[in-house]
Amino acid sequence: MPYYAAIVSLLTVAFHFFLATRVAAAHGKFNVKLPTTTGNADFERVFRVHMNTLEWMPTFLLPLWLCAIYLNDIAAAMLGLVWIGGRVLYFTGYIKAVEKRLPGFFIQSTACALLFVGAVVGIVLHGTSG
């Protein structure tokens, strides 16, 4: 069973929890009353980072695990850490300005694409070997 992918999965959940706390803090900081999520651009950027990360998590976690199981746990975990790093860069850029999210988005989407390719290659190799 993949060990390193499990650690990266837990780090991903911890990062998502961290983002949830930033949204909660932003509600107060920008005086956006619950359940409102619109009306203040600064708040909306924090909220969108959180939601965008949630939207990407299935696209990331499934290939992470398939790549770890069928190809290589360490390689998958390393790409997983790159994905998390990209999400951190996305967060730090996006809260400043919309256009500053792009470097982090590129890094995390590339890591996802590589995990997907790794998962496909691993599954194909596994299917042809047995």
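Since every read-out is calculated from the coordinates, none of them should be taken as a lab result. All values reported here derive from a predicted model rather than from experimental measurement. Here Cβ is always computed from backbone atoms with ideal geometry, including for glycine, and neighbour counts include all displayed protein chains.
Across segment 6-12, rounded Karplus estimates of 3J(HN,Hα) from the backbone phi angles (6.51 cos²θ - 1.76 cosθ + 1.60, θ = phi - 60°) give 5, 5, 5, 4, 5, 4, 4 Hz, Gly and Pro being marked x.
Go ahead and collect, in residue order, the members of segment 86-109 whose backbone nitrogen is under 15 Å from a label point 7 Å along the Cα-Cβ direction of Ala41. Flagged as within label range: 94-101.
What are the semi-axes of the equivalent ellipsoid for the chain, taken as the square roots of 5 times the Cα gyration tensor eigenvalues, largest first, in whole Å?
One finds semi-axes of 33, 13, 11 Å for the chain.
Computed over the chain, the per-residue total of -39500 (n - 2.57) for DSSP H runs of n ≥ 4 gives a 222 nm mean residue ellipticity of -29000 deg cm²/dmol, rounded to 500.
Taking Cα atoms only, the orientation of helix 73-94 departs from the longest principal axis of the chain by about 20 degrees. For the chain, the longest principal axis of the Cα atoms and the long axis of helix 41-70 meet at an angle of about 10 degrees. Around Arg101, with a cut-off of 10 angstrom between Cβ atoms, what is the net charge of the other residues, counting Lys and Arg +1 and Asp and Glu -1? Here the charged neighbours net out to +3.
Spin-label pair Leu81-Lys33: with each label point 7 Å from Cα along the Cα-Cβ axis, the two points sit 4.7 nm from one another.
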